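Peer 1: Next up is a structure, given as structure tokens.
The values are calculated or read from the model by the stated rules, or taken from the named source; none is laboratory data. Computed from a predicted model, the values in this text were never measured in an experiment. Cβ placement follows ideal geometry from the backbone for every residue including glycine, while neighbour counts extend to all protein chains displayed. Accessible surface areas use protein heavy atoms only, side chains included; no ligands, DNA or RNA. Shrake-Rupley method; radii C 1.70, N 1.55, O 1.52, S 1.80 Å.
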Amino acid sequence: MYRKRKPHIGASPGTLAIPEGALPPSIRIMDYTPDRLDEQEMVAVSDLAAYLVSDSVTWIDVHGLGDEAVLRELAECFRLHSLLLEDVVHVPQRPKYETHEGHDLLITRMISQKEGGEIDWEQVSVIIGEHYVLTFQERAGDVLDPVRERIRRGKGPMRRSGPDYLAYAIVDTVIDAYYPVLERLGDHLEVVEEEVIANPSNATIGRIHRLKRELISFRRTIWPQRDAINALIRGDENHVTDPVRIYFRDSYDHCVQLMDVIESYREMAGGLLDIYLSSLSNRMNEIMKVLTILASIFIPLTFIAGIYGMNFDNMPELHAHYGYPLALLAMAFTAGG
């Protein structure tokens, strides 16, 4: 079910609600130019000011949202609006794009699949500045290692482009991570479809409902993600240059394609429920057919046995010498007929 972190009712704007058990923030940076790369982990907030005035591109990656003091210090260092910081901390937010003075905010949802097949969602907030990209994640571990490797290799346009291209690479990688999860979900749909037709059971209906819930989560994420990227593409006053807008159009196309796949899967899941009910109805019809055949055989026999079991003294068949075998023979012929 949907659960969102939020302050108490009536709190002033910008109030942060830090949940218990949230991981403390850890900061890692990748500062690069076409000719050099400076990569550091566990950086203090006080050390970030030097990177804001340089001509290099800096990726400040924050993992963990469990320390309000550090988050406030980051907001002061980068001059983030209090409402922007509230959107970053109070997860999950609806994926969206907003422009603020000095930077742009793009909120997306990152997906990963655990070993047991359970799907895990995490909010990634991407803030684009003049010379930097600031990202916030709920915890360590993500799907962005390919982006880091591209920066380390220094090949292609990554190190020669600005922060807007870095933001595109981050968002595009997050969106591309949806494809393998959706493919496995499609394979699961096919398995459940065969099970529904061949051998439906009570466990089958549970799998169908679980698939429908997962597809609803996908749709609730991809639909606003598509709108957010479209707003970024059409925005005139932001930090995204025209050459990079073309790349974001490709990400927009990926979102549209994902929406088509999700809608197809949702129709399949809805159809599986109808097939399951039809299979149960057909199985019940087969059972009723067998019971009807058995009843058709034994009802006349019960009638004959009831007639000859009344034992009235004046019944003509009561004193017949062959009455009992004739009655049994009549039952046999009736059942056979």
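Peer 1: Looking only at strands (runs of 3 or more DSSP E) that fall completely inside the stretch 1-97, which ones have 1 or more residues that are within 26 Å of the chain's Cα centre (by Cα), of a type outside the set (Ser, Thr, Tyr) and surrounded by 18 or more Cβ atoms within 10 Å (Cβ to Cβ)? Walk me through how you get there before you give the answer.
Peer 2: Values: elements: 26-32, 37-41, 57-63.
Per the criteria, 57-63.
Peer 1: Could you give me the residue pairs with C-beta distances under 6 Å whose first residue belongs to the stretch 129-144 and is touching a residue at least 60 places away in the same chain (Cβ under 8 Å), whose second residue is aromatic (Phe, Trp, Tyr) and part of a strand (DSSP E or B) wherever it lies, and which are 6+ apart or on separate chains?
Peer 2: VAL133/TRP59
Peer 1: While we're here: Residue check, SER279 against (1) under 30 Å from VAL174 (Cβ atoms); (2) open to solvent by less than 60 Å² (accessible area, probe 1.4 Å), all met but one. Which one?
Peer 2: Failed condition: (1).
Peer 1: Please specify each residue of the stretch 150-161 satisfying the condition of being open to solvent by 50 Å² or more (accessible area, probe 1.4 Å) and either touching a residue at least 24 places away in the same chain (Cβ under 8 Å) or within 23 Å of LYS114 (Cα to Cα) (or both).
Peer 2: Answer for the stretch 150-161, where residues must be open to solvent by 50 Å² or more (accessible area, probe 1.4 Å) and either touching a residue at least 24 places away in the same chain (Cβ under 8 Å) or within 23 Å of LYS114 (Cα to Cα) (or both): ARG152, ARG160.
Peer 1: Here's another thing I want to ask about it. When the residues of the stretch 248-272 are narrowed to those that are surrounded by 18 or more Cβ atoms within 10 Å (Cβ to Cβ) and either touching a Lys or Arg at 6+ places or on another chain (Cβ under 7 Å) or among the aromatic types (Phe, Trp, Tyr) (or both), which ends up nearest to ALA203 (Cα to Cα)?
Peer 2: In this case the residue turns out to be ALA269.
Peer 1: Here is a follow-up. Quick check on my filter: what residues within the stretch 101-126 are within 16 Å of ALA75 (Cβ to Cβ), open to solvent by less than 30 Å² (accessible area, probe 1.4 Å) and without any contact (Cβ under 8 Å) to a residue 40 or more places away in the chain?
Peer 2: Within the stretch 101-126, LEU105, SER125 qualify.
Peer 1: Still on this structure: Please go through the stretch 221-276 and give me each residue that is of a type in the set (Gly, Ala, Ser) and within 13 Å of ILE175 (Cβ to Cβ), ordered by number.
Peer 2: Step one: filter the stretch 221-276 for residues of a type in the set (Gly, Ala, Ser), giving 228, 231, 235, 251, 264, 269-271.
Result: ALA228, SER251.
Peer 1: Then there is this: Return yes or no: is GLY141 open to solvent by 10 Å² or more (accessible area, probe 1.4 Å) and among the small types (Gly, Ala, Ser)?
Peer 2: Working: open to solvent by 10 Å² or more (accessible area, probe 1.4 Å): yes; among the small types (Gly, Ala, Ser): yes.
Yes.
Peer 1: Answer yes or no as to whether TYR322 is modelled with pLDDT under 85, in contact with an Asp or Glu (Cβ under 8 Å, 6 or more places away or on another chain) and of a type in the set (Phe, Trp, Tyr). Walk me through how you get there before you give the answer.
Peer 2: Details: modelled with pLDDT under 85: yes; in contact with an Asp or Glu (Cβ under 8 Å, 6 or more places away or on another chain): no; of a type in the set (Phe, Trp, Tyr): yes.
So TYR322 does not fit the description; no.
Peer 1: Restricting to the stretch 76-96, what's the tally of residues that are under 19 Å from LEU52 (Cα atoms) and acidic (Asp, Glu)?
Peer 2: So the count comes out to 1.
Peer 1: Still on this structure, I have one more. Scan the stretch 189-219 residue by residue and report those that are surrounded by 14 or more Cβ atoms within 10 Å (Cβ to Cβ) and free of Cβ contacts under 8 Å to residues at least 40 places away in the same chain. Spell out the reasoning first.
Peer 2: Here is the first cut: in the stretch 189-219, the residues surrounded by 14 or more Cβ atoms within 10 Å (Cβ to Cβ) are 189, 192-193, 195-196, 200, 204-205, 207-208, 210-212, 214-215, 217-219.
Within the stretch 189-219, GLU195, ARG207, ARG210 qualify.
Peer 1: Turning to a different aspect of this structure: Among the residues of the stretch 165-179, which ones are open to solvent by 10 Å² or more (accessible area, probe 1.4 Å) and either in contact (Cβ under 8 Å) with a residue 60 or more places away in the chain or of a type in the set (Asp, Glu) (or both)? I'd like the intermediate steps shown before the answer.
Peer 2: First, the residues of the stretch 165-179 that are open to solvent by 10 Å² or more (accessible area, probe 1.4 Å): 165, 168, 172-173, 176-177, 179.
Answer for the stretch 165-179, where residues must be open to solvent by 10 Å² or more (accessible area, probe 1.4 Å) and either in contact (Cβ under 8 Å) with a residue 60 or more places away in the chain or of a type in the set (Asp, Glu) (or both): TYR165, TYR168, ASP172, ASP176, ALA177, TYR179.
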